[in-house]
Amino acid sequence: KHSSIFFFCFMRFFSSLHHSPFQALPVLFKHWLKNEEVEEGGTAVLHCELTKPNAPVEWRKGDTVLQPSDKYEIRQEGTHVELFIYDAEAQDA
């Protein structure tokens, strides 16, 4: 049985324009998320790529901000960001 997993990757961009004479370039997505299908009980891995390394990122499911747990693992290395969803279930769709 397959479930489609829909999650969103949000970047939090904190501007320091009021405190600095330098204008920071915005962080953008180089590669957007793609729909992923995974069998129930499997692990889904979602990827996105940013234009700046180590930019703050929030993963959300609907309005809920996801936190690292037994269910979710969040990895970020440079411009690459990943969300691992373990033991996927229908309600993860």
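The values are calculated or read from the model by the stated rules, or taken from the named source; none is laboratory data. In this text, all values refer to a predicted model and were calculated from it rather than measured experimentally. Ideal geometry is used to build each Cβ from the backbone, glycine not excepted, and the neighbour counts take in all protein chains shown. Areas reflect the complete protein model, heavy atoms only, side chains present, ligands, DNA and RNA absent. Shrake-Rupley method; radii C 1.70, N 1.55, O 1.52, S 1.80 Å.
Some points to look at:
- Considered as an equivalent ellipsoid built on the Cα gyration tensor, segment 41-92 has semi-axes of 21, 12, 9 Å, the largest given first.
- Nearest-20 debye value, segment 41-92 charge dipole, Cβ charges on Lys, Arg, Asp, Glu: 180
- Carbon-plus-sulfur accessible fraction, segment 41-92 (probe radius 1.4 Å, protein heavy atoms only): 46%.
- Relative contact order [Cα under 8 Å, 6+ residues apart], segment 41-92, whole percent: 50
- Net length gained if the chain between residue 93 and residue 43 were fully extended (0.36 nm per residue, minus Cα distance): 16.7 nm
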